[in-house]
1. Run the helix sum for the chain: -39,500 (n - 2.57) per DSSP H stretch of 4+ residues, divided by residue count, reported at 222 nm to the nearest 500 deg cm²/dmol.
2. On C-alpha positions alone, give me the angle between the axis of helix 14-23 and the longest principal axis of the chain, in degrees, nearest 10.
3. Can you work out the Karplus-derived ³J(HN,Hα) for every residue in the range 74-81? Use 6.51 cos²θ - 1.76 cosθ + 1.60 with θ = phi - 60°, whole Hz, and x for glycine or proline.
4. Dividing the alpha-carbon Rg of the chain by 2.2 N^0.38 Å yields what?
5. I need to check one value: relative contact order of the chain, counting alpha carbon pairs closer than 8 Å and at least 6 residues apart, in percent.
6. Work out from phi, with θ = phi - 60° and the Karplus expression 6.51 cos²θ - 1.76 cosθ + 1.60, the ³J(HN,Hα) of each residue of the range 41-58, listed in order in whole Hz, and give x for Gly and Pro.
7. Taking the Cα-to-Cβ direction at D17 and at R75 and moving 7 Å from each Cα, how far apart do the two end points lie in nm?
8. With a probe of 1.4 Å, find how much accessible area the chain has per residue, and write the answer as a whole number in Å².
Amino acid sequence: MSQKGPVVAVDPTLPRDALHTMTGPRMDTHGDPHDTLARVAQMWTGYLGKDVHPTDVAQMMVMVKQARSRAAYDRDHYLDAVAYLLLAESTARE
């Protein structure tokens with residue numbers, strides 16, 4: 001008799017959809033996300049007078065999406081948060 005673990009009710013399509021959104025339609029309207037993160041990091045570095053890395057930008061954008069998700073459920077908040085987390089991991093490896 002095999003033992004089953006707890007059932008986790010998650011949307012398994014969310015990571016796939018986040019990746020598709022980031023590399024598909026939004027690439028056309030927003031440009032390459034790594035370029036955007038680098039540009040924002042430069043702008044925040046100038047504004048704050050402290051070095052900001054693109055990974056920092058992606059991590060903070062995850063927090064923005066988390067804060068927005070507190071107002072009401074909208075899958076897009078979670079979709080974007082996952083996409084920014086994937087970008088944070090990607091830029092951290094660079």
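1. On the way: 5 runs with 67 residues, N = 94.
Calculated from helices alone, the mean residue ellipticity at 222 nm is -23000 deg cm²/dmol.
2. So the helix axis and the longest Cα principal axis differ by about 30 degrees.
3. Along the range 74-81, the couplings run 8, 3, 4, 4, 6, 4, 5, 4 Hz.
4. Numbers: Rg = 16.0 Å, N = 94, 2.2 N^0.38 = 12.4 Å.
It is 1.29.
5. 31 percent
6. After applying 6.51 cos²θ - 1.76 cosθ + 1.60, I find 4, 5, 5, 5, 4, x, 5, 7, x, 9, 5, 10, 9, x, 4, 4, 4, 4 Hz.
7. The modelled label-to-label distance comes out at 0.2 nm.
8. Working: 7000 Å² over 94 residues.
Here the per-residue accessible area is 74 Å².
The values are calculated or read from the model by the stated rules, or taken from the named source; none is laboratory data. Here the structure is a predicted model, which means the values were calculated and not measured. Virtual Cβ from ideal backbone geometry, glycine too; neighbours counted across all protein chains shown. For the accessible areas, the whole protein counts, side chains as well, though only heavy atoms, and no ligand, DNA or RNA atoms are used. Shrake-Rupley method; radii C 1.70, N 1.55, O 1.52, S 1.80 Å.
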